[in-house]
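Down below is the structure, laid out as C-alpha cells.
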Amino acid sequence: MAGRRVNVNVGVLGHIDSGKTALARALSTTASTAAFDKQPQSRERGITLDLGFSCFVVPLPGAEPGTDDTQLQVTLVDCPGHASLIRTIIGGAQIIDLMMLVIDVTKGMQTQSAECLVIGQIACQKLVVVLNKIDLLAEGKRQAAIDKMTKKMQKTLENTKFRSAPVIPVAAKPGGPEAPETEAPQGISELIEVVKKVKSMQMFHTPVTSAMQGDRLGICVTQFDPKLLERGLVCAPESLHTIHAALISVEKIPYFRGPLQTKAKFHITVGHETVMGRMLFFSPAPDSFDLEPKLDFFDLSREYLFQEQYLCKDSMPTATEGGDEVDMKAGHTPGGQCPRQQWALVEFEKPVTCPRLCLVIGSRLDADIHTNTCRLAFHGVLLQGLEDKNYTESFLPALRVYKLKHKHGLVERVMDDYSVIGRSLFKKETNIQLFVGLKVQLSTGEQGVIDSAFGQSGKFKIHIPGGLSPESKKILTPTLKKRNRAGRGETTKQEEGTERPEPMQPVTLSLSFKRYVFDTQKRMVQTP
C-alpha cells in the first residue's frame, strides 16, 4: 500500500537575483502550473513576480518502511525578491513551516535579505541559510570565502531566534541562468538532508482525498472558467469574516526606525490581503503593566490607557501641554516602564476577509525601496474583528480606552475656613460648569471640590469639606489679613479681580480625571 504523504511548506526567500528560483528548480522533482516563473510577465522581465510552487519527496525521517507515514513531501514556495513585491512575500511567508534564506555568497546580506529575515522571525520557527552561487568564487579561495561568509551569517543571526540555523553552501545553477544544463548543481543533496463541488483533487499530480491549511492543492471543477477566480481563501462555512476594523495585539519590529504613532496609516497585511489602516495604540492601565500577555483573547471588561504612540524603551517622556492641560503621552509612564503587552485599534480603508487570530503585519511600503531601511514596522495577532460597518456606534463605546488628564492651578486666596478661590486651572473661555463637582488636591494636603465659577476670568470657588488646617491658614495668612482690613473699611473694593497679596508660599491645585476616547458624551470621570 502506498504510504501517506506528510507535507511541509518551505519558503524560498531572499534578495532579488540571489538564485531562489534556480534553487527551487534544482531541488524539485514535480512542478505546479505556477512554478519557475512560468508567467509571461515573469519571463519578459526576468524576475519572479508571484509565488511559485514545486515539490520533492523524500522518506519521512524515523518512519518504518511499510507504514502509512513513509513519505515527506516538501513543497517549495518560491517568493519574489524585488522590494516592490513585499506584499506577495509576506503572503507567501504566512503559509510556510520552514524558511530557506538564499544569500548570494558574493554579496552577503542585502536589503531584502534583511527584510525576509524579519518576516521569517514573525512567520516561522525554523530557518536554513543557503549560500548560493559558490561556483562564482575562485576555486583556490572558495572554501575560505565560504567559511568567512558562514561566520558573517552566524554573527547576523546570533541575536535572533535562528541563532543555531545551519548554513549550507550550494551552486543551484553553475555558470548562471544562461549556462547550458550540462553541469549538475552542487550541494543539493546536503541541503535536502537538512530540510526534510469538487470532482477530484491532486497534490502535485498525486490524487488525494483531503488537504489541510498550507497544502498546495489542485482542484478540478467542471463547468468553471478559471479566469473568473482571483487568489483568495478556501474555508469551512462561517470560519471567515469580513471586517471593517480590528483589535490586535502589537509588537514593534526593532529594526523599524521611528515611532508607531496613533492616527498614522500603515499598510496592513492580514490574511492574504494588504490594505491601508489607521492605528490607535493603547496599553494596560499603569498598575497592570506586568500582567501576563494574552495572545488569544481581548478583555473588554478592563480599562486601557490611550497612547499617542507605541511604548518602547527608546520612547522619551514627552509630556505635552495643550493650553493649561497636560496629557499622559507616549513614554510618560511611571519610571519609564514599558507594558508587557500593547494593543491597537486598526480601522481599514476597505473591508478585509480573514480568520480570527491570524497574523497581522504592519508595514510602510511607501518608503523608498532604494534606501537601506526596514519597511516592516510591527506584527501582532488579530484578536477581535469588527464586522458591523457602524462599529463606531455599536462597538467602540464599549472599548474603555481613556486619556489621563492633569490640570494644575493656584489658590489665590481664602474666603473662609471651608472655601478658597482658585485660578490658572482653566482658560477664561472655559465652561467651568462642566467641572463642578470634580475633586481637586491642594498642595497643603486638603482635598476640595469645585463648587462654582467666580467671576468671568476663569477663577472658581472650591469647597473644602474638612476645612483648612491651621498650617494651611498660616501659609495663607497674608490673604486673610487683607480680607480683615477690608472688613474694617480700609479697602472698599471687593469685586473679584482686584489685585491681592499672594500667600507666603504658593499653594498649588491639581485636578486629575479620565476622559474615555469613545465616550459619546465626553464625560470626565474620577476614580474614588
Handout entry: Cβ-Cβ under 8 Å pairs, at least 6 apart or on other chains, segment 508-528 side closer than 19 Å to residue 286 by Cα and assigned to a strand (DSSP E or B), far side among the small types (Gly, Ala, Ser) and modelled with pLDDT of 95 or more
Key = 511/409
Handout entry: Residue match in segment 158-176 (condition: buried (at least 17 other Cβ atoms within 10 Å of the Cβ), of a type in the set (A, V, I, L, M) and assigned to a helix (DSSP H, G or I))
Key = no
Practice task
Output yes when any residue across segment 133-154 is assigned by TED's automatic domain parsing to the domain that holds residue 190, in a loop (DSSP other than H, G, I, E, B), touching a Ser or Thr at 6+ places or on another chain (Cβ under 8 Å) and among the aliphatic types (A, V, I, L, M), and no when none is.
Solution key: yes
Exercise for the section: Restricting attention to strands (runs of 3 or more DSSP E) lying wholly within segment 378-469, give those where 1 or more residues are of a type outside the set (S, T, N, Q) and touching an Asp or Glu at 6+ places or on another chain (Cβ under 6 Å). Expected result: 401-416, 419-423, 460-463
Exercise for the section: Considering only segment 6-27, state which residues are more than 15 Å from residue 173 (Cα to Cα) and of a type outside the set (S, T, N, Q). Expected result: 6, 8, 10, 11, 12, 13, 14, 15, 16
Practice task
Tell me, yes or no, whether segment 317-340 has at least one residue that is modelled with pLDDT of 80 or more, in the same structural domain as residue 353 (by TED's automatic domain parsing) and assigned to a strand (DSSP E or B).
Solution key: no
Completion exercise
How many residues of segment 101-123 are touching a helix residue (DSSP H, G or I) at 6+ places or on another chain (Cβ under 7 Å) and in a loop (DSSP other than H, G, I, E, B)? The answer is 4
Handout entry: Test: residue in segment 48-62 that is surrounded by fewer than 18 Cβ atoms within 10 Å (Cβ to Cβ), small (Gly, Ala, Ser) and modelled with pLDDT under 75
Key = yes
Practice task
Please tell me if residue 469 is at pLDDT 90 or above, surrounded by 13 or more Cβ atoms within 10 Å (Cβ to Cβ), among the small types (Gly, Ala, Ser) and more than 30 Å from residue 396 (Cβ to Cβ).
Solution key: yes
Problem - Count of residues meeting criterion [part of a loop (DSSP other than H, G, I, E, B), hydrophobic (A, V, I, L, M, F, W, C) and under 24 Å from residue 377 (Cβ atoms)] in segment 298-311 - result: 2
Handout entry: Within segment 73-96, considering residues that are in contact with a His (Cβ under 8 Å, 6 or more places away or on another chain) and not in a helix (DSSP H, G or I), the one farthest from residue 381 (Cα to Cα)
Key = 81
Handout entry: Complete set of residues in segment 368-393 that are surrounded by 12 or more Cβ atoms within 10 Å (Cβ to Cβ), over 29 Å from residue 513 (Cβ atoms) and of a type outside the set (A, V, I, L, M, F, W, C)
Key = 373, 375, 379, 380, 385, 387, 388, 389
Exercise for the section: Inspect all residues belonging to segment 394-413 and state whether any of them is in contact with a Gly (Cβ under 9 Å, 6 or more places away or on another chain) and surrounded by fewer than 19 Cβ atoms within 10 Å (Cβ to Cβ). Expected result: yes
Exercise for the section: Could you run through segment 291-316 and say how many residues are modelled with pLDDT of 90 or more and farther than 15 Å from residue 249 by Cβ? Expected result: 6
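The values are calculated or read from the model by the stated rules, or taken from the named source; none is laboratory data. These numbers come from a predicted model, not from an experiment. Backbone-built Cβ (ideal geometry, glycine too); neighbour counts: all protein chains shown.
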